[in-house]
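Report on one structure; see the data block that follows.
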Amino acid sequence: MGFLNHNSAQASPLRLGNLPPFETGQDKGILLAQNSVGDNFVTAALNKAEAAVVQVNVSRTLAGTRNVPGSLRPFLGGGQPMPSNSRVLRGIGSGFVIDSNGLLLTNAHVVDEADTVTVSFQDGRILSGQVLGKDPVTDVAVIQVQAENLPTVTLGDSDTVRQGQWAIAIGNPLGLQETVTVGVISGTERSSAAIGIPDKRVGFIQTDAAINPGNSGGPLLNAAGDVIGINTAILQGAQGLGFAIPINTAQQVAQQLITTGQVEHPYIGVQMATLNPQVKQFINTSPNSGMQVETDQGILVVQVQPNSPAARAGVRIGDVFQTVADQSVTEASKVQRLIEKAGVGGKLPVQLQRHERTVTLTIQPEQLPPVETR
């Protein structure tokens, strides 16, 4: 996602499929309070954070003989050297410094498959960067540059973010450095599946602050200038719909990448749907559902992966989670959070409704298998 097929391009945010529009929060026509010299809270937030916001430049070399085994290349083309037809793909994204000794956060898709990474700072310095680790499941990456006493952002608490609060996005859209856009928090805990990228595991912050190509990896700030998210995605074909990874999630992922180089993602191997009266009626009246549900509350098991932790524990299609880890569940996102909390190898007691019976099982989450690529 970080590369486009021409010599110099910006790393696009994740682009999502066409979906019904979400609410976009309060009217932005509110006049910003200004002092006598025209400054406002946006200016103050920018002044607090901008020195720590960087441009991430990446390149990847593609060669014509890239996929031909080296032992066979001398035998191709009559024994003559083959033209490599190599080309360099370049991309631009954003990032921000979280540690004065050279640790930066950005998106995993910005640096994916990069051969080289350089980081451009506001003061004009351009430093070589090393990707310490990246996690495609959450789209978080950590970059290290060799420097000391770098300016850093202030990390906020994304758990306190609420609809209607101000949101300020900083980044390098279309390669234009230090661009600022302003909006509001339009929603929180937007599930990856709901916004069209089910391979991610993030409860996204939704904002109508403009997030354009090149903004990927840049910070989303609150009115105090603290980072509350990492800008990552825009909804294709829609205006005013941008998404950011909550900074609390990003911090947890980054800490694991820094210490171990990989991230623990426990899974149990089920596809779930949150039940309500409308969903119950649809399932029970649809000739293609293949099941009947007795309740309109809880979390319906739509699919169970063969040989998964859930399958081995005895979970079946059509079961309805009523409690997980002794907590009642009415949203699929809460089940996922409880799985994450249990951790790989932990014990996860669940209570299911199976037709008219109550079934109690214990599931042991395992590490999420890597996604197979062709």
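Within region 188-296, list the GluC sites (Glu not before Pro) lying in a DSSP loop whose Cβ has at most 11 other Cβ atoms in a 10 Å radius.
Working: sites: Glu189, Glu264, Glu294; in loops: Glu264, Glu294.
Nothing satisfies the criteria.
The Cβ shell under 13 Å around Arg337 holds other residues with a net charge of -1, Lys and Arg each +1, Asp and Glu each -1. The H on the amide N of Thr188, modeled in the peptide plane, is under 5 Å from the matching H of Gln206, each at least 5 residues off or on a different chain. Count Lys and Arg as plus one, Asp and Glu as minus one, and take only other residues whose Cβ is under 10 Å from that of Leu352; the net charge is then +2. Proximity of backbone amide H atoms, modeled 1.01 Å from N, is registered between Leu155 and Val227 at under 5 Å, excluding neighbours fewer than 5 places apart on the same chain.
Shown in residue order for region 217-224 are the 3J(HN,Hα) couplings computed by the Karplus curve 6.51 cos²θ - 1.76 cosθ + 1.60 at θ = phi - 60°: x, x, x, 9, 9, 8, 5, 8 Hz (x for Gly and Pro). Highest-first packing order for the peptide set 160-171, 92-103 is 92-103, 160-171, based on the mean count of other beta carbon atoms within 10 Å. Relative protection proxy for 41-50, 314-323, 136-145, from highest mean packing down: 136-145, 314-323, 41-50 (other beta-carbon atoms within 10 angstrom).
Under the convention that each Lys and Arg Cβ holds +1 and each Asp and Glu Cβ holds -1, the size of the dipole of region 266-367 around its Cα centre is about 160 debye. Remark on Ile230: its backbone amide H falls under 5 Å from those of Leu220, Ile245, Ile247, a criterion applied only to residues 5 or more positions apart or on other chains, H modelled at 1.01 Å from N. Other residues within the sphere of radius under 13 Å centred on the Cβ of Val301, judged by their own Cβ, net out at +1 (K and R +1, D and E -1).
Look at the dipole of region 158-260 built from charges on Cβ: of Gly214, Ile197, Thr179, the Cα furthest out on the positive end belongs to Ile197. Residues in region 209-214 carry Karplus couplings, in order, of 5, 4, 10, 10, x, x Hz; the curve used is 6.51 cos²θ - 1.76 cosθ + 1.60 with θ = phi - 60°, and Gly or Pro positions show x. A Förster distance of 22 Å, applied to the separation of the beta-carbon atoms of Asn276 and Ser328, puts the FRET efficiency at 0.90. The aspartates and glutamates within cross-link reach of Lys341, meaning a Cα-to-Cα straight distance under 20 Å and a gap of 8 or more places when in the same chain, are Asp135, Asp139, Asp157, Asp159, Glu189, Asp199, Glu264, Asp326, Glu331, Glu366. Over all projection directions, the Cα-based convex hull of region 191-344 averages an area of 12.1 nm².
Select from Val329, Gln281, Gly346 the residue farthest towards the positive end of the dipole of region 266-367; place +1 on Cβ of Lys and Arg, -1 on Cβ of Asp and Glu, and compute about the Cα centre. The one lying farthest along the dipole's positive direction is Gly346.
When each of the peptides 356-362, 53-59, 295-301 is scored by the mean number of other C-beta atoms lying within 10 Å of its residues, the order from highest to lowest reads 53-59, 295-301, 356-362.
Every number in this text was worked out from the coordinates using simple rules, so none of it is lab data. Predicted model only: the values in this text are computed from it and were never measured. When we count neighbours, we look across all protein chains shown, and the Cβ atoms used for this are built from the backbone with ideal geometry, even at glycine.
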